[in-house]
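All remarks here apply to the structure that follows.
The values are calculated or read from the model by the stated rules, or taken from the named source; none is laboratory data. Bear in mind that the values here come from a model prediction, so they are computed numbers and not experimental data. All Cβ positions, even for glycine, are placed from backbone atoms using ideal geometry, and neighbour counts span all protein chains on display. All accessible areas refer to the heavy atoms of the entire protein, side chains included, with ligands and DNA or RNA removed. Shrake-Rupley method; radii C 1.70, N 1.55, O 1.52, S 1.80 Å.
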Amino acid sequence: MSTITSQQLLERLNWRYATKLFDPSRKISDADWNTLEDALILSPSSGGLQPWKFIVVTDPAVRAKLLPASYGQAQITNASHLVVFASKNNLSEADVDAFISHIGSVRGATVEALAPFRGMLVGGIVKAQDEPARNAWARNQTYIALGNLLTSAALLGIDACPMEGFDRAQYDEILGLKAMGYASAVIATFGYRSPADLYASARKVRFPKEQLIIRM
């Protein structure tokens, strides 16, 4: 298996930034976008439960509806792709059972053999928390997927902007998420930076490693 070098990885991460101005004339190719979707599906989650849906919005009409709910931020309509990371509402034992069944079909394991794992998931996530806590847990999981997608995009030379500045209730209504049993958690836009985006050449502002990393 081929790997990238340490230098290449850091170069890509230093290249990426939260893109403010996208070039609306440049679109991500189908091949590259399919790769990013595959990378997104490979995102890790607690217990492997994947308590999320990823809504990929490319329809200009839908994006126009979402613009006011995004406080008019131009990335919503100018980027090539918009992804809404939605988390599962009120994760239940039935959701765990569906996951256990899927494990069995993929790995050829019996439900009986998976019973201890099921018990751990139900006891530690479903029964150990009330509904608000389960919803918060699921919402936090989406940020793992977000981080994975941002890094994957950077490795492909695709710009991105993670965004929390949007009205979640309006997004849920426009996209019909509540009826699906999900709620919008965070969004991100993807495409290619505009030459006019001054932030592209701005120096990164990070505290030094010595200030942020504690070694024990």
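List of remarks:
- Considering only alpha-carbon pairs that sit under 8 angstrom and 6 or more positions apart, the relative contact order computed for the chain is 35 percent.
- Rg of the Cα atoms in segment 152-216, relative to 2.2 N^0.38 Å, amounts to 1.62.
- Averaging Cα coordinates gives a centre for segment 1-74 and one for segment 131-158; these two points are 10 Å apart.
- 0 to 90° range, to nearest 10: angle between helix 6-15 axis and the chain longest Cα axis: 70 degrees
- With the convex hull of the Cα atoms taken as the outline of segment 95-176, the averaged projected area works out to 8.1 nm².
- 222 nm mean residue ellipticity, helices alone, for the chain (DSSP H n ≥ 4; -39,500 (n - 2.57); rounded to 500): -13000 deg cm²/dmol
- With every protein chain in place, segment 51-173: carbon and sulfur % of accessible area (1.4 Å): 55 percent
- For peptides 179-187, 126-134, sequence by mean Cβ density within 10 Å, most packed first: 179-187, 126-134
- Reachable lysines, given that their alpha-carbon falls under 28 Å from the alpha-carbon of residue 178 and they are not under 8 places away in the same chain: 53, 65, 88, 127
- Pairwise alpha-carbon distances in the chain exceed 32 Å for 28% of all pairs.
- When +1 charges are put on Lys and Arg Cβ atoms and -1 charges on Asp and Glu Cβ atoms, the dipole computed for segment 1-105 relative to its Cα centre reaches about 480 debye.
- Residue-by-residue Karplus 3J(HN,Hα) for segment 22-28, coefficients 6.51, -1.76, 1.60, Hz, glycine and proline x: 9, 7, x, 7, 9, 10, 6
- The mean accessible area for residues of segment 171-216, using a 1.4 Å probe and ignoring ligands and nucleic acids, is 74 Å² per residue.
- Added length on full extension, which subtracts the Cα-Cα distance from 0.36 nm per residue, residue 110 to residue 179: 21.6 nm
- Within the straight-line cut-off of under 16 Å between alpha carbons, the aspartates and glutamates reachable from residue 20 are 159, 164, 197, sequence neighbours fewer than 8 places apart in one chain being disregarded.
- Förster radius 45 Å - calculated FRET efficiency between residue 94 and residue 151 (Cβ-Cβ, nearest 0.05): 0.85
- Options 43, 8, 71, ranked by Cα towards positive dipole end of segment 1-126, top entry (Cβ charges): 71
- When Rg and the Kirkwood radius Rh are both evaluated on Cα atoms of segment 12-86, their ratio Rg/Rh stands at 0.99.
- In the context of the full set of protein chains, residues of segment 105-154 present 54 Å² of accessible surface per residue (probe radius 1.4 Å, heavy atoms only).
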